[in-house]
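The next block holds one structure in the form of structure tokens; read it before the comments.
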Amino acid sequence: MKQTTSVLKLVVVCLAVSAVALLVSGKALARPEYLRIYAADPFAKAEFKRSCATCHESAEGGGPRNAFGKAFEAAGFKITPELRTKFPDRFLQPEPPKVSLIDNNPNRISIEVNGRRYVVDTTSKTMTDELSGQVSSLTSGETAPPTGTTTPPQTDVAAVPSEPKILRPLDDKYISLPTGRAIKRNALFVNFSHRFTFNEDRGISGLFGFDGFSTSSFGLVYGITDRIHVGFNRSPATIGRPIEFFGGFQISDQLKGAPVSAQVRVGVEASNNFTQNYVTSISGTVGRSFGSRVHLALTPTLSLDNRPLLSQRPVPELPGKTTFAIGAGAAIRFRPSLAFIIEANQRTHGLLGAHRPAFGFGIQKVTRDGKHAFALTFNNSPGFTTAQRSGTRANLFGTESLDDTFRGLSIGFNITRRLF
């Protein structure tokens with residue numbers, strides 16, 4: 001009994017000592033929940049988001065707080081504009097806005113804040129967020145985009161509604177078909193696409209061709225003006241080393257008040273590094289957003305002297321044939337930066353072995369500033385150029401027995417990056 005009493009006394013003494021220690025140092029304990037508050041701030045620097053040294057003198061956490069930790073506590077463990085200003089080493093500082101006239105038109109003003117671009121039209125008294133397509137009416141009492149304040153941009157734009165009225169396509173193409181999105185003046189886009197086409201172990205077991213060889217395409221698109229753009233793309237020897245040069249004209253833009261976005265492109269492509277089998281293609285795209293979540297586009301394409309999509313080497317000289325294809329695509333946005341995409345492209349004249357439509361679907365993601373887009377895709381077409389995109393795997397390998405239905409889908413991806 002005496003032994004039990006001694007043990008109990010020892011436990012009581014230990015608890016008392018611990019309680020005193022907690023009372024003395026309680027204010028200096030490391031609190032992960034406080035670090036999470038800091039990390040959630042849009043201006044928090046990445047190198048401090050997981051470090052206990054953000055608030056404590058010791059990188060291990062606990063112990064005395066540093067100057068920021070004391071100020072954070074004094075602010076009620078809330079991130080305030082005063083904290084951001086007082087501790088520039090802990091927070092990203094807002095960039096000064098870049099303001100310029102669009103095409104030297106005093107009624108159209110471009111304002112770029114923290115990588116996000118807004119277009120103010122003083123004639124219609126509207127402001128458009130180029131990333132989301134949000135169109136806002138600048139009436140009395142509403143404000144323009146943030147101009148260098150220390151509060152997060154997304155909460156400072158009083159004129160921007162919570163939901164955009166018009167869905168701006170996240171990319172200039174769904175999978176292979178264009179969306180009709182306008183290419184802005186002086187904008188330069190880099191496109192990189194990949195298709196895992198060369199593998200007969202299809203379906204889930206073969207990860208839709210991931211275990212086999214692939215085809216790729218690299219291209220550039222540049223906006224000469226807000227209406228005129230040019231570009232090129234090149235694919236590898238597995239599909240004949242084609243190079244395509246094209247130019248496009250933006251007839252109308254729904255984001256500028258037109259009922260639809262309309263675009264026409266003319267391209268010339270040739271295989272074997274633009275030395276043989278020349279093809280001229282003319283395509284038009286008419287696209288429209290329905291509300292803030294759905295975008296549809298229709299693209300007819302006429303190709304003169306088109307050739308079959310082949311993987312033979314050396315590339316044979318083949319007679320040309322006129323082909324016509326009609327394509328349709330759709331994007332359904334289910335998150336602010338995520339959309340489900342789907343397209344189909346059917347040749348109706350000059351089949352060249354393409355007896356089934358080229359089709360596919362995927363998930364498309366865009367960054368907050370709208371300069372980077374990624375799409376994970378599943379489709380049955382290995383072609384990338386305007387004339388080749390309506391061909392299928394059966395067309396490529398020259399046999400109708402090759403499965404180019406849903407069981408013949410290939411995994412792939414598209415990456416688009418706006419350099420400037």
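Data table
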{"quantity": "In order through the range 171-177: 3J(HN,Hα) via Karplus (6.51 cos²θ - 1.76 cosθ + 1.60), integer Hz, x for Gly, Pro", "calculated": "9, 7, 8, 6, 10, 10, 7"}
{"quantity": "Separation of the Ser100 and Ala67 label points, Cα + 7 Å toward Cβ, nm", "calculated": "3.8 nm"}
{"quantity": "Cα pair distances of the range 188-418 binned at 5 Å [whole percent]", "calculated": "1, 7, 13, 18, 22, 18, 12, 6, 2, 1, 0"}
{"quantity": "Rg in Å to one decimal, and Dmax rounded to a whole Å, for the range 26-92 via C-alpha atoms", "calculated": "10.6, 30"}
{"quantity": "Interchain or long-range residues, amide H under 5 Å from Ile166's placed H", "calculated": "Val135"}
{"quantity": "Residue-wise HN-Hα coupling along the range 406-415, computed from phi with Karplus coefficients 6.51, -1.76, 1.60 (Hz; x: Gly, Pro)", "calculated": "4, 6, x, 5, 10, 6, x, 7, 10, 10"}
{"quantity": "Point-charge dipole on Cβ atoms (K/R +1, D/E -1) for the range 283-420, about Cα centre, debye to 20", "calculated": "620 debye"}
{"quantity": "Peptides 288-300, 379-391 ordered by average Cβ neighbours within 10 Å, highest first", "calculated": "379-391, 288-300"}
{"quantity": "Neighbour-count ranking [beta-carbon atoms within 10 angstrom, fewest first] of Asp253, Asp103, Asp369", "calculated": "Asp103, Asp369, Asp253"}
{"quantity": "Length gained when the stretch Leu338-Tyr278 is fully extended (0.36 nm per residue, less Cα-Cα span)", "calculated": "17.8 nm"}
{"quantity": "Likely footprinting exposure, Asp226, Asp172, fewest C-beta neighbours within 10 Å first", "calculated": "Asp226, Asp172"}
{"quantity": "Amide H partners (placed H, <5 Å) of Asn306, local residues excluded", "calculated": "Lys321, Thr322, Thr323"}
{"quantity": "³J(HN,Hα), Karplus 6.51/-1.76/1.60, whole Hz, each residue of the range 189-194, x for Gly, Pro", "calculated": "10, 10, 10, 9, 10, 9"}
{"quantity": "Extension gain, Val190 back to Glu317 (0.36 nm per residue minus Cα-Cα distance, nm)", "calculated": "42.6 nm"}
{"quantity": "Phe324/Glu57 FRET efficiency (R0 56 Å; Cβ-Cβ; nearest 0.05)", "calculated": "0.15"}
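Values quoted throughout were computed directly from the atomic coordinates according to the rules given, and no laboratory measurement underlies them. Note that the coordinates shown come from a computational prediction; the quantities given were computed from them, not determined experimentally. Methodologically, a virtual Cβ is constructed for each residue, glycine included, from the backbone with ideal geometry; neighbour enumeration extends over all protein chains shown.
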